[in-house]
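I have placed the structure first, in the form of structure tokens, so that the comments after it can refer back to it.
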Amino acid sequence: MRRLWYFLREAFISIRTHRTGTFIGVLTTAFTLTSFGVFLLLYHNVNTLLGRIQHNIQIIVYPKDGLEPAKLDALGKLLKSDQVVDSLTSISKQQALEDFKQQFPQETHLLEGLPDNPFPASFVLSMAPTTPATDIMTQFVNRLQQHPDIERVRYNRDWIARLTLVVTYLQWGALIIGVILAIASMAIIANTVQLAFYTRQEEMEILRLIGATSLFISIPYLIEGALLGALGGGVAIGFLRSGFEVFTQKIESLHLMGSLSTTFEFFPLPFSLTLLAGGIVLGCLGTLATMLGWMKIR
Amino acid sequence: MIQLFHVTKYFEGRIALTDISLRIEKGECVLLTGPSGAGKTTLLKLIFGSVPPDDGQILVQNRNIARLRRSDIPYHRRTMGFVLQDFKLLPHRTVFENVALPLIIRGLSIFESRRKVAEALRAVGMDHKQTARASVLSAGEQQRACIARAIVNTPIILLADEPTGNLDPQLTMEIADLFKSINAKGTTILMATHNRQVVEHMNGRLLRLDCGHLMADQGVYA
């Protein structure tokens, strides 16, 4: 307990002594995490949008014409039971005819003279939002196409593929930029901590002289790095939140994207906490990078 | 207590100590003398574990310092006290905080620390200066505080490197007396000094080094 108090006290003393360095460290970490956060925000929103669009994407399954009602019912149950399917709407031949007449009243003359109802029965499937990958969808559609009671399956494959590709690019972009920015942030934090190291070199020598382990000497600096990172993370979340508010307000005032602007949302809490934790990890890694070389001294 | 077997140490290709063998018993008071660059500080550093020997073995309390892992060195140091010429106190901390540091490192409770610090400060006549900042102390007071920090852990061995080098003759004698009283309580003392007055006053075993060679081991100074 006493040691903990000592570590915290030393960390705060160091922060207070190196105010400028700390300020620069916090600001650069915040800037780094904000840049990374913008990508995360973009990724999160596109991913959410993809989920929504996917939910609205309908796969239409046309059973073979003249299928017995019992078989039709069994097919409906089979489709509904698949985990990629969120909901199923069954449309009978009669319902399809009625829908056509309702949607295209001027074209009803086309049906005149036809001996039977030409419209097929169908099942309209809405996909579960947890089905993001095109591969899964394609596999599902292929499976359906091989079913003996199914005539045809229709869905907009290209659109889903393109959107999924965008999400994949964003994921990679966020990862690459994240790694670059994380390294930069670590270097800056390492530099800030290194300054504190230099100015307190004599103190560290004294601590070594009286039997302090490298870990004992390093813990206050690790706390300092973690605090720096946490502060940077907190400031970054603040920047992102305010930036996001300004952005959505601007979009709404311009009426550019209609109802789409309301679909934008800020990170959920776990994302924000991850960003904060990321700041802490960066801070600790930056400190460790500085200390590793120094720890070799006897 | 301390044994050196054919110890040799080089610094940047230059020889600092050559083939030193000696034995120091528990409770002895040993004075290391010799001109500057003779190897006094190097010998103390070797025993303290600051530098490893290039050749030979060093046993301190039956522990081979040459084979000590880096992570074990701090624990080895905790069994010793080290007093330096330039005091090495944290200037912005109080005397109490400076003296209590070794106890914080060992993880002692606040109550035990207070008792031990008070005891150590009393032993060096500094109990009235507990709350004073180290930066406002006189040279003599700083060295006393430094000695208090070195003995607060009740070390078995006390190493001192020119502890009176920055003090006037009167203070020098006071500090020498302090070391004598610490030695009288059973602590082994190994002090590097080239102050003849201190050597005479301490009346301990005398080791004379010159150019890295042990020139004389004279027993009690006469």
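Of the strands (runs of 3 or more DSSP E) entirely within segment B:1-68, those holding at least 1 residues that are touching a helix residue (DSSP H, G or I) at 6+ places or on another chain (Cβ under 8 Å) and farther than 22 Å from residue B:85 by Cα occupy B:2-11, B:14-24, B:55-60. Of everything in segment A:198-215 that is touching a helix residue (DSSP H, G or I) at 6+ places or on another chain (Cβ under 6 Å) and assigned to a helix (DSSP H, G or I), the residue that is farthest from the other protein chains (Cβ to nearest Cβ) is A:204.
Within segment B:94-110, being at the interface with chain A (Cβ under 10 Å from one of its Cβ atoms) and more than 15 Å from residue A:206 (Cβ to Cβ) holds for B:106, B:107, B:108, B:109, B:110.
Might you check whether a residue that is in a helix (DSSP H, G or I) and more than 30 Å from residue B:101 (Cα to Cα) occurs anywhere in segment A:56-65? Yes, segment A:56-65 contains a residue that is in a helix (DSSP H, G or I) and more than 30 Å from residue B:101 (Cα to Cα).
Hey, among the residues in segment B:60-77 that are crowded, with 17+ Cβ neighbours inside 10 Å and at pLDDT 90 or above, which one's farthest from the other protein chains (Cβ to nearest Cβ)? Only one residue fits best here, namely B:60. Considering the conditions (1) in a loop (DSSP other than H, G, I, E, B); (2) of a type in the set (A, V, I, L, M); (3) touching a strand residue (DSSP E or B) at 6+ places or on another chain (Cβ under 8 Å), residue B:167 is excluded by exactly one of them, (3). Scoring residue B:113 on the criteria (1) more than 17 Å from the chain's Cα centre (by Cα); (2) within 13 Å of chain A (Cβ to nearest Cβ); (3) in a loop (DSSP other than H, G, I, E, B); (4) of a type in the set (S, T, N, Q) leaves a single failure, condition (3).
Put simply, of A:189, A:180, A:160 the only residue that is at pLDDT below 85, farther than 30 Å from residue B:151 by Cα and surrounded by fewer than 18 Cβ atoms within 10 Å (Cβ to Cβ) is A:180. Taking the conditions (1) more than 10 Å from chain A (Cβ to nearest Cβ); (2) farther than 24 Å from residue B:31 by Cα in turn, residue B:154 satisfies each one other than (2).
Just one residue in the set B:126, B:80 is within 10 Å of chain A (Cβ to nearest Cβ) and among the aliphatic types (A, V, I, L, M); that residue is B:80.
The set of residues in segment B:182-222 that are in a loop (DSSP other than H, G, I, E, B), on the phi > 0 side of the Ramachandran plot and modelled with pLDDT under 85 contains only B:203.
The values are calculated or read from the model by the stated rules, or taken from the named source; none is laboratory data. Source: prediction; values computed, not measured. We place every Cβ from the backbone using ideal geometry, glycine too, and count neighbours over all the protein chains shown.
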